[in-house]
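Note sheet for the following structure.
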Amino acid sequence: MLQNDLGLETPKRAAIYSRISQDRMGNELGVERQEEYCRRWAADNGWPVVRVYRDNSKSAYKENVVREQYEQLKNDIENGYIDGLIFWDIDRLTRQPDQLGWWLRATRTYGLLMAEGKGGPMALDTRSPMGIYFLRNRADMAEYEAGHKGERQVASNYARAKKGMLFTGARPLGYRRERGKVVIVEDEARVVRAVYAAFLRGVSLDAIARALSGKPDPGCADIPRC
């Protein structure tokens with residue numbers, strides 16, 4: 001059953017929003033997959049997509065993270081440029097119940113229609129109390145899952161450290177694993193030492209970044225290009 005069979009409107013200018021929290025390789029494959037699902041949904045349901053908003057390697061759970069494309073999307077909705085939104089799952093849009101409140105108000109204030117690209121042919125029900133109830137429950141669960149994952153990771157790292165086990169996850173700059181031991185990578189360690197020494201003597205992070213890029217400010221000559 002298509003969303004039009006439910007008596008719902010079809011937006012004039014729909015957008016796609018895609019996001020993943022971490023992209024260590026920087027290849028944007030995750031956000032591209034989400035976009036493919038959303039474009040398929042749009043084609044099947046007659047929603048004209050005029051713009052795609054991507055926040056790659058951006059958390060939706062941490063309150064201090066600024067998602068530039070997310071904020072641009074909200075501005076475009078407020079200004080009447082976008083009246084339909086497709087995302088792969090509600091937790092791609094937000095993991096914060098307070099933020100979900102903004103989107104529910106947008107459906108009333110700006111007539112915004114929303115749909116999940118993975119959720120089959122039906123658009124999200126934001127017009128009934130039951131539909132809003134389920135959306136709020138899912139946002140609460142997404143927030144809980146993100147927080148619980150963080151607790152598990154902290155506990156795991158603490159337990160590994162107590163047992164003298166090696167670190168997991170991304171390799172820290174200046175170290176590598178070698179035959180079950182942590183070994184210092186001296187050329188990288190030289191960079192780390194220089195960065196910390198500069199920071200401790202009051203050099204700004206911007207100046208350090210420029211020095212690492214090969215454009216050292218006065219007082220940063222000891223920071224090697226990296």
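Of all residues in the stretch 214-226, those that are modelled with pLDDT of 75 or more and assigned to a loop (DSSP other than H, G, I, E, B) have Cβ atoms under 9 Å from Cβ atoms of residues that are open to solvent by less than 100 Å² (accessible area, probe 1.4 Å) and polar (S, T, N, Q), 6 or more apart or on another chain, in 217/204; 225/213; 226/213.
Taking the stretch 181-203, which residues are open to solvent by less than 60 Å² (accessible area, probe 1.4 Å) and in a loop (DSSP other than H, G, I, E, B)? Passing the criteria: 185, 203. The C-beta contact set for the stretch 19-47 (first residue closer than 10 Å to residue 57 by Cα, second residue open to solvent by 50 Å² or more (accessible area, probe 1.4 Å) and modelled with pLDDT of 90 or more, distance under 6 angstrom, 6+ apart or interchain) comprises 31/54.
Only helices (runs of 4 or more DSSP H) wholly contained in the stretch 57-155 count here; list those with 3 or more residues that are at pLDDT 90 or above and buried (at least 17 other Cβ atoms within 10 Å of the Cβ).
68-78
How about the stretch 33-56: which of its residues are in a loop (DSSP other than H, G, I, E, B) and under 10 Å from the mean Cα position of the chain (by Cα)? Selection gives 56 alone. In this entry, residue 103 is excluded by the filter for residues that are of a type in the set (A, V, I, L, M, F, W, C) and in contact with a Lys or Arg (Cβ under 7 Å, 6 or more places away or on another chain).
The values are calculated or read from the model by the stated rules, or taken from the named source; none is laboratory data. Just so you know, these numbers come straight off a predicted model, no measurement behind them. Glycine also receives a Cβ, built like all others from the backbone with ideal geometry; neighbour counts cover every protein chain displayed. Ligands, DNA and RNA are stripped out before the accessible areas are found, and what is left, the full protein with its side chains, is counted by its heavy atoms. Shrake-Rupley method; radii C 1.70, N 1.55, O 1.52, S 1.80 Å.
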